[in-house]
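Remarks on the structure that follows.
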Amino acid sequence: TEKTSETEDAVAFDVEGGIAWVRFNRPAKRNSMSPTLNRRMMQVLDELEFRDDVGVLVLSGEGAAWSAGMDLKEYFRETEAKGLGAVRKAQSEAYGWWRRLRWYRVPTIAMVNGWCFGGGYGPLFACDLAFAADEAQFALSEINWGILPGGGATKVVVELLSMRDAMYHALTGELIDGRKAAAWKLVNESVPLSGLKARVAEVAGVLLQKNPVALKATKDAIRRVAEMTYDNAEDYLVRAQEAANSFDNEGRKEGIRQFIDEKSYKPGLGAYDK
Ligand code: ACO
């Protein structure tokens, strides 16, 4: 497949073998999120979302950090100095690309290679799956400099962690490593940093085998039904499947045909041949 690269920026990316490898690219500032980075990330997500050669998006960081959270100088101090309008604009740019990522067309994987602080929990949660290095370090460090975990960070830990773990994490600002993040279910899994990219590529490879319309319908369903009663979920899922059928009627029939008529695969054991 064609390889494309973009590296001269606050965001870097390569597309290869169906995977968009997108990276926070301010290693000298530990990939903290400045307004410039947030604007650029939205453009990159725009550029990649509907490309035929992108089936999975992986978000990682250049250098020692995944992301050291919001840029305390450029996102907070300098923006606050410009007044409320500037603050609201900076917030909507940050929250905007995280929201875009939560409902992205293709499955997304956070590959947490290093530091992950505060505001970083927004994009961490926005990614459908998350794999961390054992060596990665996570903290809600807001309490250490005197604010509450805003920008969704509090919501993220309440969604993902137990109430006790969320409370402890937010009140103490203590670091946890990748292993503990996996035990707490902040991420799916942690592996040694040396094997992280290979593990993520392996998971991305599994996703690339699946029907893309079914992947999008499924990832949205997992997020949507979390807030529904059982009956509302049942109704939503009927409608979501019918809508998916209208986009991709043939794929599903082909999946049944290869199993029932051709006997060329077993759906219990793997995906049909697209
Ligand atoms: N905002 C702004 N600048 C940052 C940030 C940040 N979040 N994180 C790192 N930097 C800058 C540093 O100021 C420094 O800049 P300089 O070289 O111009 O002096 C550079 O990045 C390197 O940082 P160091 O602290 O020297 O790197 P080190 O590897 O020793 O430490 C660590 C890394 C632990 C991540 C440290 O930089 C740190 O504590 N950063 C802040 C983490 C944090 O609490 N983020 C805010 C979360 S709250 C929220 O996001 C709302």
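Quick notes on this structure:
- Among the residues making up the stretch 156-173, those that are exposed (fewer than 15 other Cβ atoms within 10 Å of the Cβ) and charged (D, E, K, R) are GLU159, ARG164.
- For the stretch 99-118, a residue qualifies if it is touching an Asp or Glu at 6+ places or on another chain (Cβ under 9 Å), open to solvent by 10 Å² or more (accessible area, probe 1.4 Å) and within 15 Å of the ligand (Cβ to nearest atom), and the qualifying residues are ASN113, PHE117.
- Of all residues in the stretch 121-155 being in a helix (DSSP H, G or I), of a type in the set (A, V, I, L, M) and open to solvent by less than 10 Å² (accessible area, probe 1.4 Å), the one that is nearest to the ligand (Cβ to nearest atom): ALA153
- Evaluation of ALA271 against the conditions (1) among the aliphatic types (A, V, I, L, M); (2) more than 19 Å from PRO107 (Cβ to Cβ); (3) touching a Phe, Trp or Tyr at 6+ places or on another chain (Cβ under 9 Å) shows that the sole unmet condition is (2).
For every residue, the table says whether it meets (1) closer than 15 Å to LYS210 by Cα; (2) in contact (Cβ under 8 Å) with a residue 40 or more places away in the chain.
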{"position": "ASP231", "(1), (2)": "no, no"}
{"position": "ARG239", "(1), (2)": "no, no"}
{"position": "PRO267", "(1), (2)": "yes, no"}
{"position": "LYS274", "(1), (2)": "yes, yes"}
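- Selection of the stretch 63-98 for residues being out of contact with any helix residue (DSSP H, G or I) (no Cβ under 9 Å at 6 or more places or on another chain), open to solvent by less than 30 Å² (accessible area, probe 1.4 Å) and at negative phi yields an empty set.
- Just one residue in the set ASN232, ASN211, ASN188 is under 28 Å from GLU16 (Cβ atoms) and open to solvent by 50 Å² or more (accessible area, probe 1.4 Å); that residue is ASN188.
The values are calculated or read from the model by the stated rules, or taken from the named source; none is laboratory data. On a predicted model such as this, the values are computed, not experimentally measured, just so you know. Every residue, glycine among them, receives a Cβ derived from its backbone with ideal geometry; neighbour counts consider all protein chains shown. Heads up: the accessible areas ignore ligands, DNA and RNA and are worked out on the full protein's heavy atoms, side chains in. Shrake-Rupley method; radii C 1.70, N 1.55, O 1.52, S 1.80 Å.
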